[in-house]
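Please treat every number below as a calculation from the coordinates, not as lab data. Predicted model, so just to flag it, every value in this text is computed and none were measured. Glycine also receives a Cβ, built like all others from the backbone with ideal geometry; neighbour counts cover every protein chain displayed.
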Amino acid sequence: MHTVLSSSTKTLTIGHDLPFCIIGERINPTGRKKFQEQLRAGDLSQIIIDVQQQVDGGADMLDVNMGVPLTDEPVLLSSAIKMIQGITDLPICIDSSIIEALSAGLEAYEGKALVNSVTGEDERMEIILPLIKRHGAAIIALPNDETGIPATAKERLDIVEKIMRSVEKHGIPLSDLVIDPLAMTVGADPEAVKITLDAVYQIRERHGLNMTMGASNVSFGLPNRHALNASFLPMAMVMGLTSAVMDARTPGIVTSVRASDLLLGSDPWGSNWISRFRKEQALAAS
């Protein structure tokens, strides 16, 4: 199953038989006090730096979140999207929990966006899915609902199937549904990563859906997080993960993903691996 996304000039396809999709996560003010202050003052200049760093790092898509307290998030998100589309042709993942902001972002976006995200509560899906249908966008869905985050892979799969029924009811093709199987930190539960990997495997085997997740969640609260994230992603790719929201500025993690593409047969004859290596050599020599 392929999920096709686009900017105004570039198409990106996510699929189990294609190279892993890196969704650059940096354009997000969470935990960035200075960036928040800049955005409150109407200064969007940091976004230009963040975009360039994610593009240079190898991102295939950019996650854009403008959730800053004491701001007009719909206006801010719309402005950021227009600005970003003026400096890169990478497709955008519009990231907000505010329906008005999602609507404004989709109105501003040129192309077919990915929206991050919807949860499995009936009320939430009834609000967001008609918006997704109206704009012809794709959606990331998380398998948690009114009962909270499921403790087992089976419970997560049950909610995925509930989401699938709702998506189809609203006339959205399943190819436009991307599941986030909920990566939880192994620092809080030694079984957390095994449960997530089991969920990824079952979702792929039973339904063939594309999947993404906030990859760094697995290492939250632990030292040397980059090493853990770089080890986790190849495991998840083997199980069926096809994309991740991650920081493309971290070469070790990006290299781990691209090496896994080659070794898993998603980069035939290593064309991407070789071209990336040559580009890095040229930059080092300049």
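Highlighted here are the helices (runs of 4 or more DSSP H) found entirely within the range 70-152 that include at least 2 residues which are β-branched (Val, Ile, Thr): 73-85, 122-135. Filter the range 91-134 down to the residues that are of a type outside the set (S, T, N, Q) and touching an Asp or Glu at 6+ places or on another chain (Cβ under 7 Å), then identify the one that is farthest from ILE23 (Cα to Cα). Within the range 91-134, the match that is farthest from ILE23 (Cα to Cα) is GLU121. Within the range 221-258, the set of residues being in contact with a strand residue (DSSP E or B) (Cβ under 6 Å, 6 or more places away or on another chain) and farther than 23 Å from ASP17 by Cβ comprises ASP247 only.
Out of curiosity, is LEU106 within 19 Å of the chain's Cα centre (by Cα) and surrounded by 15 or more Cβ atoms within 10 Å (Cβ to Cβ)? Yes: the conditions hold for LEU106.
Scanning the range 180-196 for residues that are of a type in the set (Gly, Ala, Ser) and either in contact with a Ser or Thr (Cβ under 7 Å, 6 or more places away or on another chain) or in a helix (DSSP H, G or I) (or both) turns up ALA183, ALA192. Looking across the range 170-223 at every residue that is under 19 Å from THR3 (Cβ atoms) and among the basic types (Lys, Arg), the one that is farthest from the chain's Cα centre (by Cα) is identified as ARG206.
Per the conditions (1) more than 27 Å from GLY136 (Cβ to Cβ); (2) in contact with a helix residue (DSSP H, G or I) (Cβ under 8 Å, 6 or more places away or on another chain); (3) part of a helix (DSSP H, G or I), the sole criterion not satisfied by GLU155 is (2). Mind checking which residues of the range 85-95 are touching a Leu at 6+ places or on another chain (Cβ under 7 Å) and crowded, with 22+ Cβ neighbours inside 10 Å? If the condition is that a residue be touching a Leu at 6+ places or on another chain (Cβ under 7 Å) and crowded, with 22+ Cβ neighbours inside 10 Å, then PRO91, ILE92, CYS93, ILE94 are the ones that fit. Filtered by the rule that a residue be in contact with a helix residue (DSSP H, G or I) (Cβ under 6 Å, 6 or more places away or on another chain), surrounded by fewer than 24 Cβ atoms within 10 Å (Cβ to Cβ) and in a loop (DSSP other than H, G, I, E, B), the range 230-253 gives GLY240, ALA248, ARG249, THR250. On inspection, VAL160 passes the criterion of being in contact with a Leu (Cβ under 8 Å, 6 or more places away or on another chain) and surrounded by 21 or more Cβ atoms within 10 Å (Cβ to Cβ). A single entry from ALA199, ALA227 fulfils the requirement of being touching a Lys or Arg at 6+ places or on another chain (Cβ under 6 Å), small (Gly, Ala, Ser) and either crowded, with 18+ Cβ neighbours inside 10 Å or part of a helix (DSSP H, G or I) (or both): ALA199.
Being hydroxyl-bearing (Ser, Thr, Tyr) and closer than 18 Å to ILE179 by Cα is not true of THR30. The set of residues in the range 208-220 that are in contact with a strand residue (DSSP E or B) (Cβ under 8 Å, 6 or more places away or on another chain) and assigned to a loop (DSSP other than H, G, I, E, B) comprises LEU209, THR212, MET213. Scanning the range 138-152 for residues that are under 23 Å from PRO29 (Cβ atoms) and hydroxyl-bearing (Ser, Thr, Tyr) turns up nothing.
Annotation note: Cβ proximity below 7 Å between a residue of the range 61-87 that is more than 17 Å from ARG32 (Cβ to Cβ) and a residue that is of a type in the set (S, T, N, Q) and crowded, with 16+ Cβ neighbours inside 10 Å (sequence gap 6+ or interchain) occurs for GLN85/SER7.
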